[in-house]
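One structure is given below, encoded as structure tokens.
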Amino acid sequence: MRVARLHKNGSSVKVLKPVDISLMDPLIEKYKGKKGSLIPLLQGTQNLYGYIPREAFQKLASDTGLKISEMYGVATFYAQFRLSPVGKNIIRMCHGTACHVQNVTAVTEDLIDELKIKDGETTEDGLFTLETVACLGCCSLAPVMMIGEETHGKLDGKKAVKIIKDMRRKEVTSKN
Amino acid sequence: MENTKIIVGLGSCGLAAGAGKVYDEFKRIKEADNLVFELKKTSCIGMCYNEPLVEVIDETGSYLYGKVDVKMADEIIDKHLNKFSPIKEFIVSSDQFETKDGTFLNGQVRIALRDCGYIDPESIEEYEARQGYEAIKKILNEKIKDTDVIQIVMDSGLRGRGGAGFSTGMKWKFCNNYKAPNKYIICNADEGDPGAFMDRSLLEGDPHAVLEGMIIGAYAIGATEGIIYCRAEYPLAIKRLNIALDQARKKGYLGENIFGIEGWNFDIRIKEGAGAFVCGEETALMASIEGERGMPRKRPPFPAESGLWKSPSNINNVESFSNIPWIINNGPAAYAQYGTEKSKGTKVFALTGKIKNGGLVEVPMGISIKDIVYKLGGGIIDDKKFKAVQLGGPSGGCIPEYLSDTMIDYDSVVATGAIMGSGGMVVMDETTCMVDIARFFLDFTQKESCGKCTFCRIGTKRMLEILTRITEGEGKVGDIEMLEELASQIRDASLCGLGNSAPNPVLTTIKYFRDEYEAHIRDKKCPALCCKKLLTYTVIPDKCTGCVVCKRACPANAIDGDKKVVHFIHQELCTKCGACYSKCKFEAIQLN
Ligand code: FES
């Protein structure tokens, strides 16, 4: 069981910013009272905030009558749901079989060195969150990582680090 | 040039390899130079090792260019289109002359993948131009009864392509037997096997084939609603499915009174999976659609009687569905001509790992593993020694090289201890450590166990601990026996397929590579030089330039040496992290 996922990244972002829970109204409107809507509601919430904030659970409970315990049970069961905020870019490193055989572990280690965070954590500057996933479906390009919607294949440590560095640089120049 | 088509492969893999830029470049040139060729999109043809792929079709024939980049795109326009001279050295396959890579496609029998890489998946017209939706129309025009459709599918010998290999026709028959106001037909597109991407490619490349298969299934069992349960990790597949659904609705193939038949209401919706391997299990998948934790339920009652929302339900896999229209159009005998006595037809495999031609292949059942690896796959990368293939993912096992004459058929594969699975075939060479692979899979199943059955929840954890210990050089005599004992208990005492099959990767590696386990445990050595903690790192004096990079990288300060002086690693300080090895630019660190 993925118990380890629960609390591990609580520490990386210190102060949780309050969220605007009214953003959820249309979502709740759409699914309220429909059967089997728990997962779509949680998915929708996560799409809004990047994670499922505590307040969102409370709002869902009071507006739809779903039980918090049930929602929490579901949210911690599936790999997709996050309970703490994420960085601007989510790096999804594939640790599927094909990527494992092609030595993705070494690539991840280099990324961990570069970003100075562990799996599931977010960098200080809030730019990157590192997540390992099982298979992105591009196995013939292994090792593979996905940043946002973009997939990068045939990686090695150097290439992966360069991609991150380039993104950082762009981020800095666009700010100035 | 009016009759020339340029078709760019824009599947996920192609896009990852840069096909998007290539497409844009063709578009730019076309507009800038006012050229009249037709620019089109398609999905993955399966030759992933040659992505991005661009096909040029002109009056003389078809030419498939591989590994195309922006520069090559310019060249193709310049030489092939303007000067009518195809650039032979870039062409990987053509109907005009033999190519080295031609065998990759010619060795296949493409039924499920019949349209992948040939049509624009976002165009229903192109699907219809290749017999699309003709199967369902044939059924309706010829008034073939539901039970006869089921009989055709049974006669074809099609068995579930998701892994277990249960007869698809039989499954439909069971479900057809139960009458209820609501009945569901579900497509399992929650491809969970890490290292397999058949379903993704099919959904991205030919979504209408899956929809048509589902409509036929709905007709056969009397389903009132269809649901595609698709991994959220496949955004492109979901996007193309949505486009296909809209097109089918507009044409009256989905919705109310479909195909002009009064009272036949049937629609399909997509349900995004939230990421749980156990949802590959039918009952868990249905629990997940109902919005609960995806935990398996006890059977009986079987889903055919009481499944989703307690209504009769039928689940098939993506590949099974996409075979159906072809079977109806061409007849069951045409399908059953391929394969072996008990496994008919073809199977799609995702060929990955240490293989030269990695990609998607569809082969007739009965072909040997060796033929897939060498004839289609082109052999092992860098011509290293072929060690094993892993079939069936976390529920499957490793088949060693000396059994590579094994036929691809459900029963022969099971006889080796592996399972056919959904079609992931990961090729391993001499540098892959089998103990590490077993540990890798156990790590996966241990995390994915839903926690319902004690043996699966705790047993896998204990197995993982033992395997981790062995790969770290802490293995003890008796560990192998302990693993075997745990394996048999987990297998017997778990409710669902995940637990039943979780020990397979360990059992098969023990069976075929016991000496490797023993080397780890007794000699504290990893023969494949893979398990870091069992290696010793030394400097090769002839190659060391004295650049201090490794010295700086070493977190344990175990490396001595000044600039331009050959370095030295103190074994008693070394923590075997491998940092020196990966940082050295001169290959001066040796592993033993
Ligand atoms: S194993 Fe990495 S993409 Fe499939």
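The values are calculated or read from the model by the stated rules, or taken from the named source; none is laboratory data. Since the structure is predicted, the reported quantities are computational estimates derived from the model, not experimental observations. Glycine gets a Cβ as well: all are built from the backbone with ideal geometry, and neighbour counts include every protein chain shown. Note: accessible area is taken over every heavy atom of the protein model, side chains too, but ligands, DNA and RNA are not part of it. Shrake-Rupley method; radii C 1.70, N 1.55, O 1.52, S 1.80 Å.
Of the helices (runs of 4 or more DSSP H) entirely within the stretch B:479-544, those holding at least 1 residues that are surrounded by fewer than 16 Cβ atoms within 10 Å (Cβ to Cβ) and out of contact with any Phe, Trp or Tyr (no Cβ under 9 Å at 6 or more places or on another chain) occupy B:479-493, B:504-521. One residue stands out in the stretch B:545-565 among those that are assigned to a loop (DSSP other than H, G, I, E, B) and within 27 Å of residue B:431 (Cβ to Cβ): the one that is least open to solvent (accessible area, probe 1.4 Å), namely B:558.
Output the residues belonging to the stretch A:81-104 that are assigned to a loop (DSSP other than H, G, I, E, B), within 16 Å of the ligand (Cβ to nearest atom) and in contact with a strand residue (DSSP E or B) (Cβ under 9 Å, 6 or more places away or on another chain). Scanning the stretch A:81-104 gives A:95, A:96, A:102. For the stretch B:414-453, filtering for residues that are assigned to a helix (DSSP H, G or I), open to solvent by less than 10 Å² (accessible area, probe 1.4 Å) and under 20 Å from residue B:280 (Cα atoms) leaves 3. The lone criterion from (1) assigned to a helix (DSSP H, G or I); (2) closer than 18 Å to residue B:532 by Cα; (3) not polar (S, T, N, Q) left unmet by residue B:456 is number (2). Taking the criterion of being farther than 29 Å from residue A:73 by Cα and open to solvent by 10 Å² or more (accessible area, probe 1.4 Å), the residues of the stretch B:394-408 that qualify are B:401, B:402, B:403, B:405, B:406, B:407. Inspection of the stretch A:135-143 finds a residue satisfying the criterion of being within 9 Å of chain B (Cβ to nearest Cβ) and touching a Leu at 6+ places or on another chain (Cβ under 8 Å). Modelled with pLDDT under 95 and within 16 Å of the ligand (Cβ to nearest atom): does that describe residue B:342? Taking the combined requirement at face value, the residue does not satisfy it.
Checked against (1) within 21 Å of the chain's Cα centre (by Cα); (2) outside any loop (DSSP other than H, G, I, E, B), residue B:110 meets all criteria but (2). Put simply, of B:341, B:362, B:305 the only residue that is under 15 Å from the mean Cα position of the chain (by Cα) and either in a loop (DSSP other than H, G, I, E, B) or not assigned by TED's automatic domain parsing to the domain that holds residue B:224 (or both) is B:362.
Of all the listed residues (B:236, B:245, B:285, B:241), the sole one being crowded, with 17+ Cβ neighbours inside 10 Å, modelled with pLDDT under 90, assigned by TED's automatic domain parsing to the domain that holds residue B:179 and not in a loop (DSSP other than H, G, I, E, B) is B:236. Entry remark, the stretch A:105-164: residues being β-branched (Val, Ile, Thr), part of a loop (DSSP other than H, G, I, E, B) and either in contact with a Cys (Cβ under 6 Å, 6 or more places away or on another chain) or within 14 Å of the ligand (Cβ to nearest atom) (or both) number 1 in total. Scanning the stretch B:171-185 turns up at least one residue that is surrounded by fewer than 24 Cβ atoms within 10 Å (Cβ to Cβ) and within 14 Å of another protein chain (Cβ to nearest Cβ).
Do you know which residues across the stretch A:43-69 are open to solvent by 20 Å² or more (accessible area, probe 1.4 Å), over 15 Å from the mean Cα position of the chain (by Cα), within 14 Å of another protein chain (Cβ to nearest Cβ) and not hydroxyl-bearing (Ser, Thr, Tyr)? Listed by number, the residues that qualify are A:65, A:66, A:67.
For the stretch B:258-275, the count of residues that are within 14 Å of chain A (Cβ to nearest Cβ) and more than 21 Å from residue B:450 (Cα to Cα) is at least one. Pick from the stretch B:189-237 the residues that are within 14 Å of chain A (Cβ to nearest Cβ) and among the aromatic types (Phe, Trp, Tyr): which of them is farthest from the ligand (Cβ to nearest atom)? Ranking the candidates gives B:229 first. Inclusion of residue B:226 among residues that are out of contact with any strand residue (DSSP E or B) (no Cβ under 9 Å at 6 or more places or on another chain) and touching a residue at least 12 places away in the same chain (Cβ under 8 Å) is not warranted.
Restricting attention to the stretch B:113-164, the residues that are small (Gly, Ala, Ser) and under 21 Å from residue B:253 (Cα atoms) add up to 4. For the stretch A:144-162, a residue qualifies if it is open to solvent by 30 Å² or more (accessible area, probe 1.4 Å), under 20 Å from the mean Cα position of the chain (by Cα) and more than 10 Å from chain B (Cβ to nearest Cβ), and exactly one does: A:148.
For the residues B:363, B:427, B:414, B:348, the requirement of being hydrophobic (A, V, I, L, M, F, W, C), more than 14 Å from every other protein chain (Cβ to nearest Cβ) and in contact (Cβ under 8 Å) with a residue 60 or more places away in the chain singles out B:363. Of all residues in the stretch B:284-311, count the ones that are away from every other protein chain (no Cβ under 14 Å) and either farther than 30 Å from residue B:113 by Cα or out of contact with any Pro (no Cβ under 8 Å at 6 or more places or on another chain) (or both). Residues in the stretch B:284-311 being away from every other protein chain (no Cβ under 14 Å) and either farther than 30 Å from residue B:113 by Cα or out of contact with any Pro (no Cβ under 8 Å at 6 or more places or on another chain) (or both): 8 in total. In the stretch B:439-454, the qualifying residues are those that are farther than 25 Å from residue B:199 by Cα and of a type outside the set (S, T, N, Q), and the one that is nearest to the other protein chains (Cβ to nearest Cβ) is B:451. Exactly one residue among B:15, B:64 is in contact with a Ser or Thr (Cβ under 8 Å, 6 or more places away or on another chain), assigned to a helix (DSSP H, G or I) and within 23 Å of residue B:126 (Cα to Cα), and that residue is B:15. In this structure, residue A:72 does satisfy being over 25 Å from residue A:128 (Cβ atoms) and within 11 Å of chain B (Cβ to nearest Cβ). Restricting the search to the stretch B:567-581, which residues are open to solvent by less than 70 Å² (accessible area, probe 1.4 Å) and either among the β-branched types (Val, Ile, Thr) or under 17 Å from residue A:109 (Cα atoms) (or both)? The answer is B:569, B:576, B:577, B:578, B:579, B:580.
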